Amino acid sequence: MFEPVIAPSASLLGLLQRGRGDGQLHALAADRAEAIAALEECVTRDPRADWQVESRSLYYARLYMELEAPLDGIEDHLHSAEDLVTDDESRTGLALSVLGHLAAYGRRDALLMLREYAATGANWAWALDELALRDDDRGLLLLGTAVLDHFPPGPEGDAELREFIRNAYEPRPWRLWAAYHPRVAAAGEQSPFDLWQRQINRSGVTPGWSTADVLAWADQGELGGLGADAFLGRPDARPEPPRGTDSPTGPDAVDRRAAAAARCLTAVVRPEDRPALLEAARDGLPAARRAALRYLVEQRDPAAVELIEAAAADVDDRMVRAALELLGRMRGPEVLAQARRWADPASGGADSALGEAAVQLLADAGEPEDAPLVVAGLRRWVSVRGVSGTGLGSLVDGAGRLAAADAVPVLRHIYGEAASSELRGRAARALAATDVHFPEGPAVECLWDCEESTRELAARHVATTGDARVLERLRRLAADPAEEAEVHAAVRGRLTAAREYGR
């Protein structure tokens with residue numbers, strides 16, 4: 001998928017790309033043609049870095065309704081020449097979701113567009129899911145033959161059909177078609193047996209049942225194809241054939257094997273095995289070292305903190321990443337005490353990888369006294385990396401959890417600049433806990449936000465007096481059938497409270 005290019009936060013396009021509430025308000029006040037152009041740019045070039053955690057479709061669909069915007073831009077996007085050469089769902093998924101919401105709002109043109117794309121488009125499965133939620137039985141029945149044409153006749157096509165029916169997000173169309181298409185009925189009946197057969201036919205090498213065997217098994221891939229027997233010095237060792245398509249020495253494969261080995265260790269380790277585990281955690285081969293270290297961390301072994309510190313200074317980047325990831329799982333007074341030492345700027349290591357991981361730990365599990373360290377870490381992150389990165393959300397959450405009022409300026413900056421609506425929502429939650437002006441400030445804008453959880457937060461905190469837009473927006477959300485149940489509950493509670501206050 002292409003890397004989204006996000007416009008400045010002060011521009012109309014930048015606000016809409018971010019899904020901010022002010023984006024809708026500015027679009028309604030802007031020149032209509034300019035607003036529609038910006039809206040089409042967002043829908044046809046998905047601005048989200050991760051569509052699985054960020055919402056936009058209902059936000060954009062509402063704006064289409066408010067602007068009474070035509071759907072020509074979406075239609076051109078769906079039927080462009082690019083649709084003939086790629087079936088990447090990220091290219092058209094957002095546009096199809098927007099059409100689904102518009103169909104639910106009664107836009108007949110959106111419904112017809114979904115039907116046409118489900119019959120002919122590359123990402124037809126997504127369009128079918130949208131129709132399964134919104135179309136009537138007659139409309140779905142008329143699509144049956146066109147959808148079946150996506151699966152060629154013969155054993156291979158039938159297998160693909162069974163797989164698709166088994167994994168269908170919305171089974172309603174397939175249940176309807178089963179009554180009219182014998183091929184669908186047969187595929188639906190066979191699918192459970194395919195799954196059962198795969199489950200009983202699973203094969204693979206498993207470790208022996210001792211601590212040494214498990215540690216050796218963890219590093220089979222690191223031994224150039226030799227198995228655990230070779231590691232244990234057995235003369236009859238033979239190279240093992242590769243299983244699957246993953247490289248046996250790739251970082252993901254090593255991580256998976258180390259995690260599996262750590263789980264096995266919980267079943268086989270005896271008290272007398274501790275010296276072997278400590279040795280493996282200090283000097284073992286990569287996967288065995290990670291497995292032993294993970295086991296010791298999960299068992300809260302007294303040596304785990306020292307071992308984590310040593311691993312975090314290792315020359316192997318993979319070992320460093322594993323150690324820092326394990327540090328985030330650690331809990332307890334002794335661990336927090338060490339984390340405070342690592343995260344303290346006075347120690348000189350606060351900007352190291354270990355220092356940053358320690359701040360993350362304090363954000364997740366620290367105590368009120370740790371708020372200054374978390375705020376300092378949050379400021380340092382933003383000054384160095386800007387408003388991005390996978391660890392920023394934890395620091396934001398920590399500032400809110402610890403009610404760190406000193407974090408309000410940087411939290412407001414993150415709220416305004418974040419390209420990720422998921423991160424902005426986390427900043428809004430932190431502001432609700434730290435900023436005394438949140439109810440009459442950011443909470444008002446959040447009522448128009450693209451994220452349902454952010455709208456719910458706003459409905460619970462917004463001041464219902466002082467801004468005439470608030471009560472009107474709450475009423476519109478309460479009456480919108482497309483709104484989520486949690487938002488409806490919060491909105492109606494505030495409206496009831498506002499009526500009682502006005503009596």
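The values are calculated or read from the model by the stated rules, or taken from the named source; none is laboratory data. None of the values given here were measured: they were computed from a predicted structure. FYI the Cβ positions are ideal-geometry reconstructions off the backbone, even for glycines, and counts take in every protein chain you see. For accessibility, only protein heavy atoms count, side chains too; no ligands or nucleic acids. Shrake-Rupley method; radii C 1.70, N 1.55, O 1.52, S 1.80 Å.
Here are the numbers for the structure shown:
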read-out	value
Tally of residues being over 19 Å from TYR60 (Cα atoms) and either in contact (Cβ under 8 Å) with a residue 60 or more places away in the chain or aliphatic (A, V, I, L, M) (or both) across the range 464-492	7
Out of ARG499, ARG476, ARG492, ARG455, sole residue that is of a type in the set (Lys, Arg) and buried (at least 19 other Cβ atoms within 10 Å of the Cβ)	ARG455
Matching option when the condition is more than 20 Å from THR390 (Cα to Cα), part of a helix (DSSP H, G or I), of a type outside the set (A, V, I, L, M, F, W, C) and free of Cβ contacts under 8 Å to residues at least 40 places away in the same chain, among ARG331, ARG340	ARG340
Qualifying position, being among the small types (Gly, Ala, Ser), in a helix (DSSP H, G or I) and touching a Gly at 6+ places or on another chain (Cβ under 6 Å), among GLY355, GLY393	GLY355
Contacts under 9 angstrom Cβ, first residue in the range 142-171 being closer than 16 Å to LEU131 by Cα and of a type in the set (Gly, Ala, Ser), partner in a loop (DSSP other than H, G, I, E, B) and open to solvent by less than 60 Å² (accessible area, probe 1.4 Å), 6 or more apart	GLY144/HIS181
Matching option when the condition is assigned to a helix (DSSP H, G or I), β-branched (Val, Ile, Thr) and without any contact (Cβ under 8 Å) to a residue 24 or more places away in the chain, among THR496, THR454	THR496
Filtered residues of the range 428-453 (kept if of a type in the set (Asp, Glu) and under 22 Å from VAL375 (Cβ atoms))	ASP435
Positions within the range 423-446 being within 15 Å of ARG20 (Cβ to Cβ) and either at pLDDT below 95 or surrounded by fewer than 20 Cβ atoms within 10 Å (Cβ to Cβ) (or both), in sequence order	GLY441
Output for the range 81-98, where each listed residue is under 21 Å from ASP129 (Cα atoms) and surrounded by fewer than 21 Cβ atoms within 10 Å (Cβ to Cβ)	ASP83, LEU84, THR86, ASP87, ASP88, GLU89, SER90, GLY93
Boolean, GLN360 is assigned to a helix (DSSP H, G or I), farther than 19 Å from ALA404 by Cβ and of a type in the set (S, T, N, Q)	no
Residues of the range 172-185 that turn out to be outside any helix (DSSP H, G or I) and in contact (Cβ under 8 Å) with a residue 24 or more places away in the chain, as a count	2
Of residues in the range 1-44 being within 20 Å of GLU451 (Cβ to Cβ) and not in a helix (DSSP H, G or I), the one least open to solvent (accessible area, probe 1.4 Å)	GLY19
